[in-house]
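To start, the structure itself, in structure tokens.
The values are calculated or read from the model by the stated rules, or taken from the named source; none is laboratory data. Every value quoted in this text rests on a predicted model; they were computed, and no experiment measured them. Reconstructed Cβ throughout: ideal geometry from the backbone, glycine too, with neighbour counts over all protein chains shown.
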Amino acid sequence: MDVRDFVKKQESALKRYRRIYKLLDFTGTTIILYVLLFYLGIDEVFPYLSSFEVKAGTSYDILGMNVAFETLALTLIAAFISIIITFLRHLRDDRTKALYLIEQKYPELRERLRTAYDNANNENLIVSDLLNSVSMKIKKITSSTLLAKRRVLFGLIIILISSATLTYVVDNNVRTTEFNPEDLGNIINDITDNDEENPEDFVVLDDDSSDEGGNAGSENLTGETQVVVVEGTEVDLTLPAGSGVGFSNQEDSEEADEDFERSSAYEISVISSQSYYEELPEGYENVIRSYFEEMAQN
């Protein structure tokens, strides 16, 4: 058996086993966290949270099962926290290569397997004898020897125990009485509510305040005459009552043309229009005219 192919095969198997360890740890941690969140009554807090109060009490159809929003939310929260914990737990995992692990399990291959692996491409009498000796021994080694069976068994036991606990807690609705969901929801809203009014965000308008130029911050348009200076000339901005002229220069308003003559009043009455004409069929003029006269009288 080729030594290099053997080592590559064991490295691939070791990676698969490490993924199994992570999956078992993630599953067990998620179930334990879900039990803890349910026991603390976190799912009962959602109706009191402004962000989730609309969704609270709803359900979703997932794989033919009717899953409540609270259950789905707790699962997602537990899974998210479990991902972080699992990542931290395996961050400093033993990254020992498969070659060294095999040597630890088979002392007769210690140093010999590494030497054969490093010199597999060399051709001499000593290396050939070493490769033949190592190849005969590694034929009896299987990838399952790298699997930490106790670790897998422990992970399965944790999952079974936590699953049984979850079933009991959910079926019997076991809750703690130390926390009030409404109070906890109010606390979370106070922390996360970005729309809360902050007195410092408001600008107070003071009627007595003035700007940098000394002008009043607010003016009364119906009070005393207000005067501004434009190019050294004082301009009166008073709004005369009923004038309807808005802000204008008084000098310009005095020069306005006032030769407009108002039309005389006349009695309001119905006046027939003289601008519409239509050719009536010959022989029916009198009938049509009589019909419209009667309609006008009615």
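Hey, Ile157 hits all of (1) surrounded by 10 or more Cβ atoms within 10 Å (Cβ to Cβ); (2) more than 30 Å from Thr30 (Cα to Cα) but one; which does it fall short on?
Checking Ile157 against (1) surrounded by 10 or more Cβ atoms within 10 Å (Cβ to Cβ); (2) more than 30 Å from Thr30 (Cα to Cα), the one that fails is (2).
Look at region 46-76 and say how many of its residues are more than 18 Å from Ser163 (Cα to Cα), surrounded by 15 or more Cβ atoms within 10 Å (Cβ to Cβ) and either at pLDDT below 85 or of a type in the set (Ser, Thr, Tyr) (or both).
Total satisfying the criteria: 7.
Specify which of the listed residues (Leu99, Leu72, Leu76, Leu88) is within 30 Å of Val134 (Cα to Cα) and in a helix (DSSP H, G or I). Let's see the steps before the verdict.
Values: Leu72 fails: within 30 Å of Val134 (Cα to Cα); Leu76 fails: within 30 Å of Val134 (Cα to Cα); Leu88 fails: within 30 Å of Val134 (Cα to Cα).
Just one listed residue meets the conditions, Leu99.
Could you please let me know if Leu24 is among the aliphatic types (A, V, I, L, M), touching a Leu at 6+ places or on another chain (Cβ under 9 Å) and either modelled with pLDDT of 90 or more or surrounded by fewer than 17 Cβ atoms within 10 Å (Cβ to Cβ) (or both)? Steps first, please.
On the way: among the aliphatic types (A, V, I, L, M): yes; touching a Leu at 6+ places or on another chain (Cβ under 9 Å): yes; either modelled with pLDDT of 90 or more or surrounded by fewer than 17 Cβ atoms within 10 Å (Cβ to Cβ) (or both): yes.
The answer is yes for Leu24.
Just need a number here: residues in region 87-112 that are over 14 Å from Glu11 (Cα atoms) and either in contact (Cβ under 8 Å) with a residue 60 or more places away in the chain or surrounded by 10 or more Cβ atoms within 10 Å (Cβ to Cβ) (or both). Before you say what the answer is, go through the steps one by one.
Within region 87-112, the subset over 14 Å from Glu11 (Cα atoms) is 87-93, 104-112.
After this cut, where a residue has to be either in contact (Cβ under 8 Å) with a residue 60 or more places away in the chain or surrounded by 10 or more Cβ atoms within 10 Å (Cβ to Cβ) (or both) as well, the list is 87, 89-90, 93, 104-106, 108-110, 112.
Of the residues in that region, 11 qualify.
Which pairs turn up if I take residues in region 55-67 that are small (Gly, Ala, Ser) and look for partners that are exposed (fewer than 10 other Cβ atoms within 10 Å of the Cβ) with beta carbon separation below 7 Å, at least 6 apart in sequence or on another chain?
From residues that are small (Gly, Ala, Ser), the pairs are Ser59/Asn66.
Quick check on my filter: what residues within region 125-181 are among the β-branched types (Val, Ile, Thr), in a helix (DSSP H, G or I) and in contact (Cβ under 8 Å) with a residue 12 or more places away in the chain?
Taking region 125-181 as the starting set, the residues that turn out to be among the β-branched types (Val, Ile, Thr) are 126-127, 134, 138, 141-142, 145, 152, 157-159, 161, 165, 167, 169-170, 174, 176-177.
In the following step, the residues that additionally are in a helix (DSSP H, G or I) were identified as 126-127, 134, 138, 145, 152, 157-159, 161, 165, 167, 169-170.
Those that are among the β-branched types (Val, Ile, Thr), in a helix (DSSP H, G or I) and in contact (Cβ under 8 Å) with a residue 12 or more places away in the chain: Val134, Ile138, Thr145, Val152, Ile158, Ile159, Thr165, Val169, Val170.
Looking at this structure, is Asp43 surrounded by fewer than 13 Cβ atoms within 10 Å (Cβ to Cβ) and in contact (Cβ under 8 Å) with a residue 12 or more places away in the chain?
When the stated conditions are applied, Asp43 does not pass them.
Considering (1) touching a Pro at 6+ places or on another chain (Cβ under 9 Å); (2) assigned to a loop (DSSP other than H, G, I, E, B); (3) not aliphatic (A, V, I, L, M), say which one Pro47 fails and leave the rest.
(2)
Against the condition surrounded by 16 or more Cβ atoms within 10 Å (Cβ to Cβ) and modelled with pLDDT under 90, how does Leu130 come out, does it pass? Don't jump to the end; show me each part of the working.
Values: surrounded by 16 or more Cβ atoms within 10 Å (Cβ to Cβ): yes; modelled with pLDDT under 90: yes.
Judged against the criteria, Leu130 is a match.
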